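Structure, as structure tokens:
The values are calculated or read from the model by the stated rules, or taken from the named source; none is laboratory data. This one's a predicted model, so the numbers in the text were calculated from it and none came from an experiment. Virtual Cβ from ideal backbone geometry, glycine too; neighbours counted across all protein chains shown.
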Amino acid sequence: MEEFLFFKAGKKHFKIDTGEILYIHAEKRYVTFVTATKCYPAQISIGFIEKLLSPKLFCRIHRSYIISLKHTDEFDNELAYIGKKKIPIAEQYKSALKASVVVVNSNKTPIRLDNGNVEKLLIELNS
């Protein structure tokens with residue numbers, strides 16, 4: 001995977017660090033790379049961009065969206081949440097998203113570790 005990409009917009013070439021990308025949105029013949037501070041439009045296909053990015057760090061969840069798994073806060077069966085942005089998950093991409101992440105399933109309420117009390121956590125998870 002590339003650590004950064006250069007893309008042409010007008011007469012200039014812009015550098016974008018792939019670690020800063022929150023998500024990529026496609027609309028017609030353009031994609032927009034969205035970071036926390038800027039949006040970078042480029043005339044390129046989302047399919048081409050998808051091939052450049054690491055599947056360990058990015059996942060296509062819709063024909064118009066690729067998300068950064070690093071920046072995804074949560075997801076359900078219909079939406080992925082990156083900050084306050086809600087991004088739709090298309091039916092055909094749900095299995096790809098679930099295969100891209102490790103999901104730890106627990107019916108217990110999360111336990112706050114206040115003094116690094118890992119032993120207490122392990123006892124409560126095992127009971």
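Side notes on the structure shown:
- So Ala9, is it buried (at least 16 other Cβ atoms within 10 Å of the Cβ), touching a residue at least 12 places away in the same chain (Cβ under 8 Å) and of a type in the set (Gly, Ala, Ser): no
- Of residues in the range 37-95 being surrounded by 11 or more Cβ atoms within 10 Å (Cβ to Cβ) and aromatic (Phe, Trp, Tyr), the one modelled with the lowest pLDDT: Tyr40
- Within the range 1-36, tally of residues that are over 20 Å from Pro88 (Cβ atoms) and either at pLDDT 90 or above or outside any loop (DSSP other than H, G, I, E, B) (or both): 17
- The lone criterion from (1) in contact with a Phe, Trp or Tyr (Cβ under 8 Å, 6 or more places away or on another chain); (2) under 21 Å from Glu27 (Cβ atoms) left unmet by Ser64 is number (1).
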